[in-house]
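Chemist: Please read through the structure below; I'll follow up with questions.
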Amino acid sequence: MKKEVLLQLIKKPTRRIRILGLSGILIIAVSIFAYYVGVVSPSLARAFTGSGDGSTDYPFAITNCSQLQEMNLTKWANYVLVSDIDCSETSSWNNGAGFEPISNFQGSFDGRGYIIRDLYINRPQDLNPVGLFSYIANGGVRLADVRLDKNSVNADRVDITGGGDVGALVGEFQGYIIENVHSKLTVQTTATRNNGDGPYGRAGGLVGSLKSVIDHSSASGKVTALGTGPTGRNITIGGLVGFM
């Protein structure tokens, strides 16, 4: 009899501990879920001010140049243009440095045939690749169906300037493909490479340095290199691609 009573005393606290343990786990799980729904998820949504959720089926829809700049906040997402956009305001952004290149982009960008007009980037001291997109190394990235153009009032302006690899669309591209992209922007690299020191200067009307594929694309803007290497071979420019 004493043995049975003792076993009951032992079992009851054990059951209570198990119930309390499961309750604790449920409370923690619910708290984490509530935090994600209430704090994390809305903060991700606020990273882009337009419509869409960044998925393949419902990409973020860009309607203005400020939303184009917001691509730097959520780099894994899919984006589309849903209208022509005017980026003339970028000439006064960042104390004259202009648009901040979209760096290390991991998603996809589809212009749907629309125009980005009067994009301006002036970063002659920036040794990183410079362009609408800076450096893309993700082999799955696709940039497609967009035109980079400018108004006649800016005909003589240098639109895209950088201190290393420079292109109107992208400074250095190691993604999947660039297709049906056309640019009329003026591109310039200020890189100087002496005796093997300093950045490479690679400037192209569309891409500064390419390690991938371009299909059905063109560039007609002026391309300039201000710097020179000891024999000239360290500074390369091209109408479409600076270095490939």
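Chemist: Could you check the range 184-200 and list, in sequence order, the residues that are at pLDDT below 65 and outside any strand (DSSP E or B)? So that I can check it myself, show each step before the final result.
Modeler: Here is the first cut: in the range 184-200, the ones at pLDDT below 65 are 194-198.
Those that are at pLDDT below 65 and outside any strand (DSSP E or B): N195, G196, G198.
Chemist: A follow-up question, please. Any residue in the range 206-222 that's of a type in the set (D, E): show its pairings with residues that are at pLDDT 95 or above and in a strand (DSSP E or B) at Cβ separation under 6 Å, as long as the two are six or more apart or on different chains.
Modeler: Close Cβ pairs satisfying both conditions: D215/E179.
Chemist: While we're looking at this one, here's another question. Take the residues in the range 172-194 that are within 12 Å of I235 (Cα to Cα) and among the polar types (S, T, N, Q); name whichever of them is least open to solvent (accessible area, probe 1.4 Å).
Modeler: We begin by selecting, within the range 172-194, every residue within 12 Å of I235 (Cα to Cα); these are 188-194.
Among the residues that remain, those that are also among the polar types (S, T, N, Q) are: 188-190, 192, 194.
On the way: Q188: 32, T189: 0, T190: 36, T192: 61, N194: 79 Å².
Looking at residues that are within 12 Å of I235 (Cα to Cα) and among the polar types (S, T, N, Q), I get T189.
Chemist: Does D126 satisfy the criteria of being without any contact (Cβ under 8 Å) to a residue 40 or more places away in the chain, on the phi > 0 side of the Ramachandran plot and open to solvent by 20 Å² or more (accessible area, probe 1.4 Å)?
Modeler: No; evaluated as a whole, the condition is false for this residue.
Chemist: Hey, another quick one. Is there a residue in the range 152-164 that is open to solvent by 10 Å² or more (accessible area, probe 1.4 Å), among the hydrophobic types (A, V, I, L, M, F, W, C), touching a residue at least 60 places away in the same chain (Cβ under 8 Å) and in contact with a Gly (Cβ under 9 Å, 6 or more places away or on another chain)?
Modeler: Within the range 152-164, none of the residues are open to solvent by 10 Å² or more (accessible area, probe 1.4 Å), among the hydrophobic types (A, V, I, L, M, F, W, C), touching a residue at least 60 places away in the same chain (Cβ under 8 Å) and in contact with a Gly (Cβ under 9 Å, 6 or more places away or on another chain).
Chemist: If you take the residues in the range 140-151 that are open to solvent by 50 Å² or more (accessible area, probe 1.4 Å) and under 19 Å from N104 (Cβ atoms), which one is modelled with the highest pLDDT?
Modeler: R142
Each row is one residue, and each column tells you yes or no for (1) at pLDDT 55 or above; (2) closer than 30 Å to I116 by Cα; (3) of a type in the set (V, I, T); (4) in contact with a strand residue (DSSP E or B) (Cβ under 9 Å, 6 or more places away or on another chain).
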{"residue": "Q8", "(1), (2), (3), (4)": "yes, no, no, no"}
{"residue": "G21", "(1), (2), (3), (4)": "yes, no, no, no"}
{"residue": "F33", "(1), (2), (3), (4)": "no, no, no, no"}
{"residue": "G50", "(1), (2), (3), (4)": "yes, yes, no, yes"}
{"residue": "E70", "(1), (2), (3), (4)": "yes, yes, no, yes"}
{"residue": "V80", "(1), (2), (3), (4)": "yes, yes, yes, yes"}
{"residue": "D84", "(1), (2), (3), (4)": "yes, yes, no, yes"}
{"residue": "S91", "(1), (2), (3), (4)": "yes, yes, no, yes"}
{"residue": "G96", "(1), (2), (3), (4)": "yes, yes, no, yes"}
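The values are calculated or read from the model by the stated rules, or taken from the named source; none is laboratory data. No experiment lies behind these values; they were computed from the predicted model shown. With ideal geometry, Cβ positions are generated from the backbone for all residues, glycine too; neighbour counts draw on all protein chains shown. Quick note on the areas: whole protein, heavy atoms, side chains included, nothing else; ligands and nucleic acids left out. Shrake-Rupley method; radii C 1.70, N 1.55, O 1.52, S 1.80 Å.
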